[in-house]
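**Student:** This structure is in structure tokens; I'll ask about it shortly.
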Amino acid sequence: MSTTIEREILPEEHPIAPYLRMDRMPHIWCPTCGIGTVVKCFASALEKSGIDLNKVSIVSGIGCTGRVAGYMKLDAFHSTHGRAIPFATGLKLGRPELLVTVFSGDGDLAGIGGNHFIHAARRNMDLMVIMVNNFIYGMTGGQNAPTTPLTAKSSTMPFGNFERPFNLPHLAASCGATYVARWTCLHIRRLTKSFEEALKRKGFRFIEVIAPCSTLYARLNRLGTGLNLMRFYHDNADIRHGADTRLLDIGYQGKITCGKFIDEERPTFLDMMHEHYRQTLGDKYKPMPPEGGMIHE
Ligand SMILES: Cc1ncc(C[n+]2csc(CCOP(=O)(O)OP(=O)(O)O)c2C)c(N)n1
Ligand code: SF4
Ligand SMILES: [Mg+2]
């Protein structure tokens, strides 16, 4: 006799339903895709942090991951491909009291949006950037991304990739990011804790999450389903906090070094700007909008 308890789960019963636009469900993601897991961890971190959700906004670019902004019940902006960071930068400068998060894919943030990424890190722009790295352009058919590991197959590199991929934690750290971490979708508790930590910090915080794209990356490389990739993460993820970011390259089906690599304080773009104008203009400097103050209250 089956012991399964069958009952209807109402949308409002789901623990993260209050953080989602349930009227947009069902979502577009494939079975065993990793993006939903990252959303769950982010929602849990928001809940645990106790932050006023009216002060949190989320900006995405385009892609399967880019859909996140449309599904989260926050002030959300689904911007154009590669432009999540400049959009978020404008938002932060115009409304400095907001906690601005960016949630997008590896192609969006490191491919077409790569230039914006490096400059936001260089400026220590006060943004929390979550990148779902599935090693491929998922939404558009599995094209090679700047993260595709050497020799891995993609739809545009059917005989295997021969371009050297980015080591993104190293790119972010060497450009000036003040918080840098990497996890996989399997590390749900550590990832949630990292999100919580980053939500409470200032400056350019970058969290890379290695996630399965079961439909394209896994299929083109005959790696099985998302579950097989989760097993792979289990056997091959190596947690090394504070590891030298130069050593974090990811080879095809190789070890994935995870952990928190950078956590340091440095004045943000806005701190630097206010200080500079205060020094050069003295009393004539009237910050607009008021530093840290509410514009509409
Ligand atoms: C200017 C522009 N160029 C190209 C595209 C097509 N496009 C949409 S999503 C995407 C890739 C998304 O890849 P990634 O950011 O890794 O997201 P994923 O789907 O893997 O989550 C591309 C090339 C577009 N929408 N706009
Ligand atoms: S194509 Fe890949 S990244 Fe996009 S929803 Fe499907 S599994 Fe996820
Ligand atoms: Mg991708």
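The values are calculated or read from the model by the stated rules, or taken from the named source; none is laboratory data. It should be emphasised that the depicted structure is a prediction, and the values quoted were computed from it without experimental measurement. Note: ideal-geometry Cβ built from the backbone for every residue, glycine included; neighbour counts use all protein chains shown. Keep in mind that these areas ignore ligands, DNA and RNA; they rest on the heavy atoms of the full protein, side chains included. Shrake-Rupley method; radii C 1.70, N 1.55, O 1.52, S 1.80 Å.
**Student:** Scale the Cα Rg of the chain by the rule-of-thumb value 2.2 N^0.38 Å and send over the ratio, two decimals.
**Tutor:** That works out to 1.03 for the chain.
**Student:** Report H14's accessible area, 1.4 Å probe, all protein chains in place, as a number in Å² to the nearest 10.
**Tutor:** For H14, the solvent-accessible surface is approximately 80 Å².
**Student:** What FRET efficiency comes out for L227 versus E264 if R0 is 45 angstrom and r is the Cβ-Cβ distance? Round to the nearest 0.05. Spell out each step's value before the answer.
**Tutor:** Details: r = 37 Å, r/R0 = 0.82.
About 0.75, to the nearest 0.05.
**Student:** Starting from the amide H of F206, placed 1.01 Å from N in the peptide plane, find each other amide H under 5 Å away whose residue is 5 or more places distant or on another chain.
**Tutor:** For F206, the qualifying residues are V129, Y179, V180, A181.
**Student:** Next question, about the same structure. Restricting things to alpha carbons, find the Rg to Rh ratio for segment 151-211 using the Kirkwood radius for Rh.
**Tutor:** Details: Rg = 14.8 Å, Rh = 13.4 Å.
That ratio is 1.10, to two decimals.
**Student:** Another one. Could I get the Rg over Rh figure for segment 157-297? Both from C-alpha atoms, Rh via Kirkwood, rounded to two places.
**Tutor:** Answer for segment 157-297: 1.13.
**Student:** What FRET efficiency comes out for N236 versus R21 if R0 is 41 angstrom and r is the Cβ-Cβ distance? Round to the nearest 0.05. Mind dumping the intermediate values first?
**Tutor:** Working: r = 35 Å, r/R0 = 0.86.
Using R0 = 41 Å, I get an efficiency of 0.70.
**Student:** Kindly report, to the nearest 10 Å², the accessible surface of I85 as traced by a 1.4 Å probe over protein heavy atoms only.
**Tutor:** Rounded to the nearest 10, the figure is 10 Å².
**Student:** Build a GNM of the chain with springs between Cα atoms under 10 Å: which of K260, K40, K284 gets the top mean-square fluctuation?
**Tutor:** Judging by the Gaussian network model, the answer is K284.
**Student:** Hey, what's segment 4-157 come to in accessible area per residue, 1.4 Å probe, Å²? Display every interim value, and only then the final one.
**Tutor:** On the way: 6420 Å² over 154 residues.
Counting only protein heavy atoms, the per-residue value for segment 4-157 is 42 Å².
**Student:** Still on this model: What distance in nm lies between label points placed 7 Å from Cα along the C-beta direction at S174 and S49?
**Tutor:** Inter-label distance under the simple model: 2.9 nm.
**Student:** Hey, another quick one. Per the Kirkwood definition applied to all pairs of different Cα atoms, how many angstroms is the hydrodynamic radius of segment 20-64? Display every interim value, and only then the final one.
**Tutor:** Working: mean 1/r = 0.0811 Å⁻¹.
Every distinct Cα pair counted, the radius reaches 12.3 Å.
**Student:** Magnitude of the Cβ-charge dipole of the chain, K/R +1 and D/E -1, about the Cα centre, nearest 20 debye?
**Tutor:** For this selection, approximately 460 debye.
**Student:** Would you kindly state how much longer the chain becomes between R189 and F162 on full extension, computed as 0.36 nm times their sequence separation minus their alpha carbon distance, in nm to one decimal? Walk me through the intermediate numbers first.
**Tutor:** Numbers: separation 27, 0.36 × 27 = 9.72 nm, distance 3.47 nm.
So the chain would gain 6.2 nm between R189 and F162.
**Student:** Carbon and sulfur together cover what percent of the accessible area of segment 100-140 at a 1.4 Å probe radius?
**Tutor:** 54 percent
**Student:** Step through the residues of segment 209-224 one at a time and calculate ³J(HN,Hα) from phi using the Karplus curve (6.51 cos²θ - 1.76 cosθ + 1.60, θ = phi - 60°), rounding each to whole Hz and writing x for Gly and Pro.
**Tutor:** 10, 6, 9, x, 10, 5, 6, 10, 4, 5, 5, 4, 9, 6, 9, x
**Student:** May I pose another question? When the accessible area of segment 154-297 is computed with all protein chains present and a 1.4 Å probe, what percentage of it is carbon and sulfur?
**Tutor:** Carbon and sulfur atoms account for 55 percent of the accessible area of segment 154-297.
**Student:** Answer with one residue from Y71, P18, G142: the one whose Cα lies farthest towards the positive end of the charge dipole of the chain, charges on Cβ with Lys, Arg +1 and Asp, Glu -1.
**Tutor:** G142
**Student:** What shape does segment 5-156 have by the C-alpha gyration tensor, where a ≥ b ≥ c are the square roots of the eigenvalues, rounded means a/c under 1.5, and otherwise prolate means a/b greater than b/c and oblate the rest? Could the numbers behind the result be given before it?
**Tutor:** Details: a/c = 2.22, a/b = 1.12, b/c = 1.99.
Because a/c hits 1.5 or more and a/b fails to exceed b/c, segment 5-156 counts as oblate.
**Student:** For E208, E97, give the ranking by accessible area with the largest first, probe 1.4 Å.
**Tutor:** E97, E208
**Student:** Please identify, among V56, V132, V68, the residue showing maximal mean-square fluctuation in a Gaussian network model of the chain using a 10 angstrom Cα cutoff.
**Tutor:** Evaluated over the chain, the most mobile residue of the options is V56.
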